[in-house]
Structure formats: structure tokens, C-alpha cells
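Engineer: Just dropping this structure here.
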Amino acid sequence: MLVPLAGGWNPLLGRLALDQIPYNNPILAPLFVVVALGALALIALITYYHKWGYLWKEWLTTVDHKKLGVMYIIIGLVMLFRGFVDGLMIRTQQVWANGPDSSGVFGAVHGYLTPFHFGQVYSAHGLIMILLAATPLLVGFMNIIVPIQVGARDMAYPYLNALGLWITAAGAALIMASLFIGDFSHNGWFGYAPLFEIQYSPGVGVDYWIWTLELLALGTSLGGINIIATIVKMRAPGMSWFKLPIFTWASLSANIIALTSFPALQLALALVASDRYLGSHFFTAGLGGNLMLYTNLFWIWGHPEVYFVILPAFGMMSEIFPVFSEKPLFGYITMVAASFAIAGVSWLVWLHHFFTMGAGPEVNSFFSIATMLVGIPTGVKVFNWAFTMYRGRLTFSAAMLWAIGALFLLLVGGLTGMMLAIPAINYMVHNSVFVVAHFHSMLLVIVYAVFGSVIFWFPKVFGFKLDEYWAKVMFWLFSAGTVGVFVPMYMLGFMGETRRLDYVFNTAWHPYLVAEEIGIFLYCLSVVAFFVLLYVSIRDRVKNQVGQDAWGTSRSLEWLTHSPVPFYNFAVIPHINERDEVAWRRQHGLVQKQPEKYLDIHMPNNTGMALYIGALTFVLAFALTWRIWWLCLGSLVAIIALMIVRSFQGDAGYIIPAAEVERMEKEALAREARIQTGAHPLPAGGRPVPGEAIAYERQDKL
Amino acid sequence: MSQGHDNPIHHPEVQMSSSRGYFTGFLISLGLMFLATFLVASGSMPPFGLLMVITICAAITVIAQIYFLLHLDISEHNIWNTVSLVLFIPLFIITIGLTWWMFSQLYLRTMPMMPGMGMH
Ligand code: HEM
Ligand SMILES: [Cu+2]
């Protein structure tokens, strides 16, 4: 072996051995039984209803950006749930293991988790929430909405899109595998050098952490390339840059950050892997290594990453506010400029995560000021949203409530961030739960924006609305939970509670910990409300059907096509006249205008290749984790071979004949006519159009 | 548009690729990497000179890979690639420059001066 390993290794199974399966762990073993039974039940159900063919044809091999987006969102929601359970476990441990007199069970002296297990729980929680919940949820929405908003039929690279999804899924599978085979890293989500070196963390946990992150970085970069290319190259005729819908702008800025910053993470982790696998010394103190170099490299990616996840959320809020204020977005140009300013400045601030390294007053002042500069464009955005609502005709629908909630959280998180940006304060509260409360406020902005968007865009994708009543119940329970958990957490931060404690020594903090536990209980109720919401909405789906313009006041291009969106998005690509195209067409009575004739549509074919390669990346990462060298080599060769095969196959795509398009459009229009979107009847004639408006390109020219 | 995308083989940037180019790029990178490894392992140079030489090796590798493997040049059909490359240059300056600055400040405070490292 290249580096000495604790425990056995054999050529066939690497480090894998029976004693790595935690079958006698009182928490994991029952969980495994539940998961296995659930999986069996699912497989049985699919077989019983003969759905395998459907699943394979319509979902597993699809390259349709909407279906891939839906699958991204499902992965995101499932992982959000797993991360939430981790959070619940952390909160419960802390309120239980408080003070020397607290009891202990399951081998723990205090509480119910041993320190080693507790470390794994918080590490998995952080990694999952940022990279496997927030990121896939946002990538999913960008996948679904961006191509429709720019008037494209699919992404620029549909196959690459599928590949990105399946690699992300492989990452999710890998971290789930670490639950039942071996263990996960206990180094926190960002990793501490040199604790993650093989001498100090001899198990496979850190290896799971490395390869999960590498897979997710790869998948997200592929998605980023795709979204950028789609926005740059595939806009509908007439859509000049300043007619681009605001969510698309936000996606563009976010993905530029992703594409430029993820390589820093991949490099940092490759060096960690080199230390652990090859015995190099990049991040040890010996032989010329430098521990802080790791922290530096990680946050070069880490800070841009947090803006990669917040910018699309800002874009979502910018779509929701105007629709429910019945006004165009205030300050569109400044909004775009602010997005790019935030993206740019996000590259200049990463040292604020390690002010306490002690690089000296000049360096700390520079990064402190740069960090505070972010507040300016963020402030611009907040005021723009406020002015959008000012004197608007506000409807407090569930989606709007989530967006307003996000706005308040942004204020809390932003202002506490400003406090943290002052080195003098930072030295006091660094690594306290005050920091934890800060970034949870920020990440909750994303969660709020995402739930708002689920409600907002659900009817576009599925053709019926979610139930407003239960969506609001969920919102209020969730918000009560947010207050319950994070207000006490800010207070405990000021009192000096450090983060990641598996045992809380100070009994004076007990009331606050209890308050946090009550908060997390309210979150649990909101999860229940979410399931009720899904159940009630699907039960009443016929009653809640909607047509193309689900909210009656919507503005951007995605609302021009039918709901649910046909797989070809637009029968004929519309011509773009205005920034808020649908609002403009509604005003001029053009919404119902149909193209005079239909043409053939060229679409990409399904392929199982992305799924195979995704599965093989899982095998590769798993084999690397357990150091099963023959399997690494085999899966790597197979991946390369499949890529070569695919590149020779190419994809000529297929043609939907014009007559077929016409038939499907007639059906969709008939559905539309049946539903009659009630509240806002369309103006019969509309105001005359100044100049000459084009709804669709002249078709003899195409 | 209904006739779909042009044949990708006819794109000029795809035309730039040839197995000869790929092999040249691969061999240049491999050679320079071996050279750098050898220089470091043999320890036959003073640290500062070594640093300079391997930095130059790295720079040549980067350029060779950009040209031979990624097929980037400054011609018309590569205009988007050129634009994005130019836009990335500030990021390199920022990340490498600021890292250099913060670590030199850190070392001033935490490290004993190493002989031969040329830190005035
Ligand atoms: C107004 C803008 C912001 C400012 C001024 C700011 C400032 C800071 C500072 C100074 C820290 C370091 C605290 C410490 O460890 O001592 C920090 C940590 C953090 N911030 Fe922010 N922040 C801002 C926005 C955001 C956003 C938008 C997000 C993500 C959506 C975010 C997520 C985080 C995370 C995840 C951490 C801590 C990571 C960790 O230590 O585990 N922040 N922030
Ligand atoms: Cu930061």
C-alpha cells in the first residue's frame, strides 16, 4: 500500500470488511431495516403496477430539461429531509447532554450520541444541506425555468444535462451509503487540516467526504456550463440581453460563479486525497506542508459557493414579488447590475472565514472592507423589492408569504453578516453558534425562496395549483420553527456557546436549548403539513387545474406556453417584444394569439448512457473510498469506453411532424378552454399595439 | 431552425482537433511534468531557482494544454472562448495575489526566516 493503513486491507475488497457494517448500532440497524423495507415496498409497487417500462422511458433515460429538473428537485427534497433529521438529532443531543448530571444511553456518557457519531451527524448535515439540498433544488429550478424563460426547446446540451443529474444522484447515493457501510467524516462539512489526514482520521469517513464532494462538484459544474450556454446561445428571436427575465439573469450570474469557483474545491480535495492516498504532505505541518493553505483553498471556493446558492434564490424572489404586486419589477437594470456586483465581490472576501488565522491588520482590514462592500448591492436588491411592493396591488398568497419571509430573513442574516465582517467582533464570536445562526438565516432565505417557487411554478409544470390553505399552514409552522430555533441560537452565541458541542457544559443555557428544541418540533409539524399539502393537492388536482397563466398576473415568458408545459415547450418559438412579454401581450390582447401554422420540431432522443455513466461514477467513488483498486480501474475504463461509444453514436434527434404538433396543440388548447382561468378574464380586444407587434416570426422565412 | 443543428464536425473549432495535436499536447505536458518532478527530487538547485523553474514549466504546460487539448486560439470563431478567458484573468490575479499577500504576512508573524528563501 502507498500509505500505512490502520485495519486490514485485501486486494479483493480493499478496506471493506464485515465489521464495517454497523449492524449492532442501536440507531443505524433499525434505520437500515426501515429503509430496506421501504425500498422493497417501492419495488413491489412499481412491479405490481407494471411501471418499470414507464419509469425507464419517461424518467430514467429522459433528456427533457423539465423532467431532469423535477428529478433534481426530488433529490433536493429527499436530501433536505435527511439533513433535517440530522438537524433534529443534533438539537436533541444538545438539549439532552446538558450539564454533568445529564443521563446517557447507547454507549454515550451524556445524551444518546457518542462524540464520534455526533461529529458524523453534523458533518453530514452541513454537507447535505448546502450541496445536496440547496444546490439540487436551485439547479432543478434553473433547469426547468431557464430554457422556457428564454424560449428554447431544451438545454443547449440535453445529454450533458442528464449526465449532470446522474452524477449528482451518484453523490447523493454515496453519502447515503456511508450511513450503512463504514462511517462518514467527523471533520465538519468544510474539513479541518490536519485532522482529516490519515494519521488522525484513519477510517474511511474522510474518504467518503472527499469523493462525495468531488462528484457533486463535477455534476454542478456540468450543469453550470449547460445553463450558461443555453442563456447565451438559445434565446428566442427578439430577446436582447435587457429583455432577459430576471431569474435568468440571476441564473447566469450564479452559474458563472459556480463554473469559476468549483475548480478550487476540486483541486483542494484532490490535494487532500493525495495526502491521504499517496502520502504527500500538502496540508500537514511536516515536510513543508501548510495547514492554512487548505482552509485558504477551501474558502476560495466556499465563499463564492454561498453566493452561487443565494443568487438564484434572489432571482426567484424577483419573479414572485412583481406577480403578486401586479407591478413590473422596480429597477430591473440595477437588479441585474447588483447580481453581477455580488458575483464579482464574492471573489474578494474569502478570508473573512478565517480572520483569526492572524494574517495581520492590513490583510484583515482589506477583507473586512471587501466583505462589507457586498452589503451595497444586496441593499439595492432589498430596496428594489420593497419598491416593487410599494403601492402595488398585493395578494398575500402562499408563494408571496414565503418570498416576504425570505426578505426578512435576508435582513437578519445580512446584518449579522456585517457584524461578523468586523474583525474585532469576529475574534469574539468566530466558531460560536452566532456564526451558525448567521448562515442559517442566509440559507433559510434559500429554503423560503425555494418553497415559494415550488408553489409559484408547480402549476406550470404539473397543470394544477397546490392547495393554498395547507401551503399557508406550512409557512406559519415553518416560520414559527425558524424563530424558535434561531432567536435563542443568536442569544447563545453572544453568551459564548461554541459550535459543534456534543456535550453542553453550562446548565444556565438549558432554557435556550429547550426553546430551540421546541422550535425544531415546530419544524417537524411543518414537514407534516408539507405532506398533507401534497396529499390534498394531488387529491384535488382536477378542481385546482389551471391554464397557461396560472396566477392571472404573471409576467415572464414561461407563462405563455401551456400548463403543463408540453415536452417541446413552445409549438412555435415566440417573438419577444418586451421585457415582461406575457404582461405586455396580456395588455395588448395577444396572449391567446396562436401561430398561423405549425412546423416540424426537432428534438433530442432519450438515452440510457447518462444513467450508466452516473452509476459508474458511483462505483468509482465507492471503490476509491474503500481502496478497491481493481474496481477503480474497471469502472474508470468503463466510463471512458462509454464516453467514446457515445461520441461515435452521436444523436441525430428525431422530428415531430407538423401535423402531430398541430394535434397536440389543439388538445392543449381544448384543455385550456375547458378550464377558463377564472379571476382575471382576458381583455377582449386589448389596447392597440404601437408600431408593429410580432407574436411569432414570419414562417415562410424559417 | 426546424432542420436542427449543423453537423458539429463542420464547426471550425472542432476541425482544429487532430490526434497529432492531442498527442503533442499530451507529450509536452508529460515531459514537463517529469522534468519538474526530477528537478524537485534531485534537489540539485537552490530553492528559489527551483521555484522559478517549475513555475515556468507549469506555465508552458498550461499554454500547451490550452492550445493543443482545448483548441483555443485568438481567431474569430473562438471569440466567446477568448472573451471568457480574458474575463477569468482577474480571478487568477485575485486568488493567487491575495493568497500570496496573506501568507507572506502570516509568515512574517509565525515563521522563522528560512535561509535562501530570499525574503528581504
Ligand atoms: C451580507 C452578506 C454577508 C456577509 C457580510 C457575511 C459574512 C460572513 C462572515 C464574516 C462569516 C465568517 C464567520 C466566522 O466564521 O467567524 C460568515 C460565515 C458564513 N456565511 Fe456569511 N455573510 C454574508 C452572506 C452570506 C450568504 C448569502 C450566505 C449563504 C447563503 C452565507 C453563508 C455563510 C456560511 C455558510 C458561513 C459559515 C460557514 C462555516 O463556518 O461553516 N453568508 N459570513
Ligand atoms: Cu463568506
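Engineer: Please enumerate the residues belonging to the range A:285-312 that are more than 16 Å from ligand 2 (Cβ to nearest atom) and under 15 Å from the mean Cα position of the chain (by Cα).
Structural biologist: Selection gives A:P312 alone.
Engineer: List every residue pair whose Cβ atoms sit under 8 Å apart, with the two residues 6 or more apart in sequence or on different chains, where the first one lies in the range B:99-120 and is at the interface with chain A (Cβ under 10 Å from one of its Cβ atoms) and the second, anywhere, is at pLDDT 60 or above and loosely packed, with under 12 Cβ neighbours inside 10 Å.
Structural biologist: B:Q105/A:E362
Engineer: Kindly indicate whether any position in the range A:206-224 is more than 16 Å from ligand 1 (Cβ to nearest atom), within 18 Å of A:A343 (Cβ to Cβ) and surrounded by 23 or more Cβ atoms within 10 Å (Cβ to Cβ).
Structural biologist: yes
Engineer: I'm trying to understand the selection: among the residues of the range A:259-272, which are among the hydrophobic types (A, V, I, L, M, F, W, C) and either within 13 Å of chain B (Cβ to nearest Cβ) or touching a strand residue (DSSP E or B) at 6+ places or on another chain (Cβ under 8 Å) (or both)?
Structural biologist: Those that are among the hydrophobic types (A, V, I, L, M, F, W, C) and either within 13 Å of chain B (Cβ to nearest Cβ) or touching a strand residue (DSSP E or B) at 6+ places or on another chain (Cβ under 8 Å) (or both): A:L259, A:F262, A:A264, A:L265, A:L267, A:A268.
Engineer: Now for a separate question. Kindly evaluate A:F434 against the criterion of being buried (at least 16 other Cβ atoms within 10 Å of the Cβ), in a helix (DSSP H, G or I), hydrophobic (A, V, I, L, M, F, W, C) and touching a Phe, Trp or Tyr at 6+ places or on another chain (Cβ under 8 Å).
Structural biologist: Judged against the criteria, A:F434 is a match.
Engineer: So which residues in the range A:390-406 are touching a Phe, Trp or Tyr at 6+ places or on another chain (Cβ under 6 Å) and surrounded by fewer than 19 Cβ atoms within 10 Å (Cβ to Cβ)?
Structural biologist: A:T395
Engineer: Which pairs have Cβ atoms under 8 Å, sit 6 or more apart or on different chains, and link a residue in the range B:21-48 that is closer than 19 Å to B:D73 by Cβ to one that is polar (S, T, N, Q)?
Structural biologist: Matching pairs, first to second residue: B:G25/B:Q65; B:I28/B:T61; B:S29/B:T61; B:S29/B:Q65.
Engineer: Quick test of your reading of the structure: A:W402 fulfils all but one of (1) within 15 Å of ligand 2 (Cβ to nearest atom); (2) at pLDDT 95 or above. Name the failing condition by number.
Structural biologist: Failed condition: (1).
Engineer: Right, another one. Does any residue of the range A:616-631 turn out to be outside any helix (DSSP H, G or I) and out of contact with any Leu (no Cβ under 8 Å at 6 or more places or on another chain)?
Structural biologist: no
Engineer: OK, next. Name the residue that is farthest from the other protein chains (Cβ to nearest Cβ), counting only residues in the range A:165-205 that are within 16 Å of ligand 1 (Cβ to nearest atom) and of a type in the set (S, T, Y).
Structural biologist: For the range A:165-205, the residue satisfying everything is A:S185.
Engineer: Continuing with this model, one more query. Exactly one condition in (1) under 30 Å from A:N296 (Cβ atoms); (2) away from every other protein chain (no Cβ under 14 Å); (3) in contact (Cβ under 8 Å) with a residue 24 or more places away in the chain is false for B:F68; which is it?
Structural biologist: Here B:F68 meets the rest and fails (1).
Engineer: Within 14 Å of another protein chain (Cβ to nearest Cβ) and touching a residue at least 12 places away in the same chain (Cβ under 8 Å), is that true of B:P90?
Structural biologist: Here the answer is no, as B:P90 does not meet what is asked.
Engineer: Filter the range A:314-361 for residues that are among the hydroxyl-bearing types (S, T, Y) and within 14 Å of chain B (Cβ to nearest Cβ); which is nearest to A:F262 (Cα to Cα)? Break it down stepwise before answering.
Structural biologist: If we filter the range A:314-361 for residues that are among the hydroxyl-bearing types (S, T, Y), which is where we start, we get A:318, A:325, A:332, A:334, A:339, A:346, A:356.
Okay, now just the ones that are also within 14 Å of chain B (Cβ to nearest Cβ), so A:346, A:356.
Numbers: A:S346: 13, A:T356: 25 Å.
That would be A:S346.
Engineer: Out of A:L525, A:L534, which single residue is in contact with a helix residue (DSSP H, G or I) (Cβ under 7 Å, 6 or more places away or on another chain), over 19 Å from A:Q149 (Cα atoms) and either at pLDDT 95 or above or not polar (S, T, N, Q) (or both)?
Structural biologist: A:L525
Engineer: Quick one: A:G379 ticks every box in (1) within 14 Å of chain B (Cβ to nearest Cβ); (2) of a type in the set (G, A, S); (3) within 10 Å of ligand 1 (Cβ to nearest atom); (4) loosely packed, with under 15 Cβ neighbours inside 10 Å except a single one, so which number is it?
Structural biologist: Condition (1) is where A:G379 drops out.
Engineer: Same structure, new question: Only one residue in A:L351, A:L252 is buried (at least 22 other Cβ atoms within 10 Å of the Cβ), under 24 Å from A:G375 (Cβ atoms) and away from ligand 1 (no atom under 16 Å from the Cβ), so which one is that?
Structural biologist: A:L252
Engineer: OK, next. What pairs can you find where one residue is in the range A:410-426 and away from chain B (no Cβ under 14 Å), the other is among the small types (G, A, S) and within 15 Å of ligand 2 (Cβ to nearest atom), and their Cβ atoms are less than 6 Å apart, with a gap of 6+ or different chains?
Structural biologist: A:V412/A:S441; A:G413/A:S441; A:M418/A:G375; A:A421/A:S368
Engineer: A further question on this structure: Counting only residues that are within 14 Å of another protein chain (Cβ to nearest Cβ) and either within 19 Å of the chain's Cα centre (by Cα) or among the small types (G, A, S) (or both), which one in the range A:273-284 is farthest from ligand 1 (Cβ to nearest atom)?
Structural biologist: Here the residue is A:S280.
Engineer: Write out, first by first residue and then by second, each pair whose Cβ atoms fall under 9 Å of each other, whose residues are 6+ apart or on separate chains, and whose first residue, in the range A:335-360, is at positive phi while the second is in a helix (DSSP H, G or I) and crowded, with 20+ Cβ neighbours inside 10 Å.
Structural biologist: A:G358/A:N364; A:G360/B:M102
Engineer: Considering only the range A:513-552, how many residues are of a type in the set (F, W, Y) and surrounded by fewer than 19 Cβ atoms within 10 Å (Cβ to Cβ)?
Structural biologist: Selection size over the range A:513-552: 3.
Engineer: Output the number of residues of the range A:597-622 satisfying the condition of being away from every other protein chain (no Cβ under 14 Å) and of a type outside the set (F, W, Y). Spell out the reasoning first.
Structural biologist: From the range A:597-622, those away from every other protein chain (no Cβ under 14 Å) are A:606-622; that's our starting set.
Those still in the list that are of a type outside the set (F, W, Y) too: A:606-611, A:613-617, A:619-621.
Matching residues across the range A:597-622 total 14.
Engineer: What residue, of A:M317, A:M292, is over 16 Å from A:V345 (Cβ atoms), buried (at least 23 other Cβ atoms within 10 Å of the Cβ) and touching a residue at least 12 places away in the same chain (Cβ under 8 Å)? Walk me through it before giving the result.
Structural biologist: Details: A:M292 fails: buried (at least 23 other Cβ atoms within 10 Å of the Cβ).
So the residue among A:M317, A:M292 that is over 16 Å from A:V345 (Cβ atoms), buried (at least 23 other Cβ atoms within 10 Å of the Cβ) and touching a residue at least 12 places away in the same chain (Cβ under 8 Å) is A:M317.
Engineer: Given the criteria under 30 Å from B:P47 (Cα atoms), part of a helix (DSSP H, G or I), of a type in the set (F, W, Y) and within 14 Å of ligand 2 (Cβ to nearest atom), does A:F354 qualify?
Structural biologist: When the stated conditions are applied, A:F354 passes them.
The values are calculated or read from the model by the stated rules, or taken from the named source; none is laboratory data. Owing to the predicted nature of the structure, the values given are computational and were not obtained by experimental measurement. When we count neighbours, we look across all protein chains shown, and the Cβ atoms used for this are built from the backbone with ideal geometry, even at glycine.
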